[in-house]
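For reference, the structure discussed in these notes is given below.
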Amino acid sequence: LSGSAGQSLAAFCPKGMTLSVTGDTNDYCGKGLSGAKVIVRPPEDSPFVAHENIIAGNVCFYGSTSGEAYLAGVAGERFCVRNSGVRAVVEGVGDHGCEYMTGGLVLCLGKTGRNFGAGMSGGVAYVLDEDGEFVSNRLNAEMVKVYPLVECDDSEIQEVRDLVARHIDYTGSKRGKEILDDWDVHLNKFLKV
């Protein structure tokens, strides 16, 4: 697809489907995703810096049970709320990311808004904390534990690195490429929630 997708793109899509958008999506992208793959990226000639701009609306992948998502840009508020199984890569999220998440995996290659992880009772999120402000100013630590990724086992570190590589393959992400090109430095800034 090319252009601006409306609300609820790929809602409830099952395994075997891939929706690739060159442009942007509105709210509820991937709501209830049930196995499909969603790829959202800006046009190659886009003049803006993807990881500093919104590419997907609010409440993306709400209640998703399985599937994959790769967003080369920032998603709005309540990203992956009630996610129970989707594996998503995004370059930043608004407030309340991963709220009430019970499963799945989120890899955030940029800043989050406030109240990240509120009510999160399962799953895992990896967040690139470049400014060192995530835990003190943006995380809701009431139900989660946080670990430096660099202290996790080698297979987990490799899984995160492989996800960044897949993100680059699917979206052409410049942000992902910057991270992999300087992996040793960025590895020390990733946190596991």
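Give me a comma-separated list of calculated 3J(HN,Hα) values for region 9-25, in order, Karplus coefficients 6.51, -1.76, 1.60 applied at θ = phi - 60°, integers in Hz, x for any Gly or Pro.
Working through the residues one at a time gives 4, 6, 4, 6, 5, x, 4, x, 9, 10, 10, 10, 10, 9, x, 7, 10 Hz.
Around residue 147, with a cut-off of 15 angstrom between Cβ atoms, what is the net charge of the other residues, counting Lys and Arg +1 and Asp and Glu -1?
That works out to -3.
For region 145-193, how big is Rg over Rh, using alpha carbon atoms and the Kirkwood form of Rh?
With Rg and the Kirkwood Rh in hand, the quotient comes to 0.98.
What lysines sit close enough to residue 145 to cross-link, taking a C-alpha to C-alpha distance under 19 Å and skipping anything fewer than 8 places away on the same chain?
111, 189, 192
Net charge around residue 2, counting only other residues with Cβ within less than 15 Å of its Cβ (Lys, Arg = +1; Asp, Glu = -1)?
Result for the local shell: -2.
For region 1-96, what is the convex hull volume of its Cα atoms per residue in Å³?
With only Cα atoms used, region 1-96 gives 68 Å³ per residue.
If the cut-off is a Cα-Cα distance under 16 Å, which lysines reach residue 31, setting aside same-chain residues fewer than 8 apart in sequence?
15
Quick one: with all protein chains in place, what share of the accessible area of the chain is carbon or sulfur, to the nearest percent (1.4 Å probe)?
On the chain, the fraction of accessible area on carbon and sulfur atoms equals 47 percent.
Step through the residues of region 112-129 one at a time and calculate ³J(HN,Hα) from phi using the Karplus curve (6.51 cos²θ - 1.76 cosθ + 1.60, θ = phi - 60°), rounding each to whole Hz and writing x for Gly and Pro.
Running phi through 6.51 cos²θ - 1.76 cosθ + 1.60 with θ = phi - 60° gives 10, x, 6, 6, 5, x, 4, x, 6, 10, x, x, 9, 10, 10, 10, 7, 9 Hz.
Would you mind checking the radius of gyration and Dmax of the chain based on alpha-carbon positions, in Å?
Using the Cα atoms of the chain, the pair Rg, Dmax is 14.9, 43 Å.
Starting from the Cα-Cα distance between residue 46 and residue 130, subtract it from 0.36 nm times their residue separation and give me the gain in nm to one decimal.
Roughly 27.8 nm would be gained on extension.
What is the set of long-range amide H partners of residue 24 at a cut-off below 5 Å, with H atoms built 1.01 Å from backbone N?
Amide H neighbours of residue 24, under 5 Å, 5+ apart: 3, 4, 5.
Averaged per residue, what accessible area in Å² does the chain show with a 1.4 Å probe, protein chains only?
44 Å²
Rounded to the nearest 0.05, what FRET efficiency do residue 54 and residue 141 give with R0 = 30 Å and r taken as the Cβ-Cβ distance? Could you check?
Approximately 0.70, to the nearest 0.05.
Taking amide H atoms as placed 1.01 Å from N in the peptide plane, list the residues 5 or more away in sequence, or in a different chain, whose amide H sits under 5 Å from that of residue 70.
Excluding prolines and chain starts, which carry no amide H, the hits are 38, 39, 40, 89.
Could I have the simple spin-label model distance between residue 7 and residue 102, label points 7 Å from Cα toward Cβ, reported in nm to one decimal?
Between residue 7 and residue 102, the label points sit 2.4 nm apart.
Can you tell me the equivalent ellipsoid semi-axes for region 111-163? Use √(5λ) from the Cα gyration tensor, largest first, whole Å.
20, 14, 10
Given the -39500 (n - 2.57) contribution per DSSP H run of 4+ residues, what per-residue ellipticity at 222 nm results for the chain, rounded to the nearest 500 deg cm²/dmol?
-5000 deg cm²/dmol
The values are calculated or read from the model by the stated rules, or taken from the named source; none is laboratory data. What you see is a predicted model; the values in this text were computed from it and never measured. As a convention, Cβ positions derive from the backbone with ideal geometry for all residues, glycine included, and neighbour counts pool all protein chains shown. Keep in mind that these areas ignore ligands, DNA and RNA; they rest on the heavy atoms of the full protein, side chains included. Shrake-Rupley method; radii C 1.70, N 1.55, O 1.52, S 1.80 Å.
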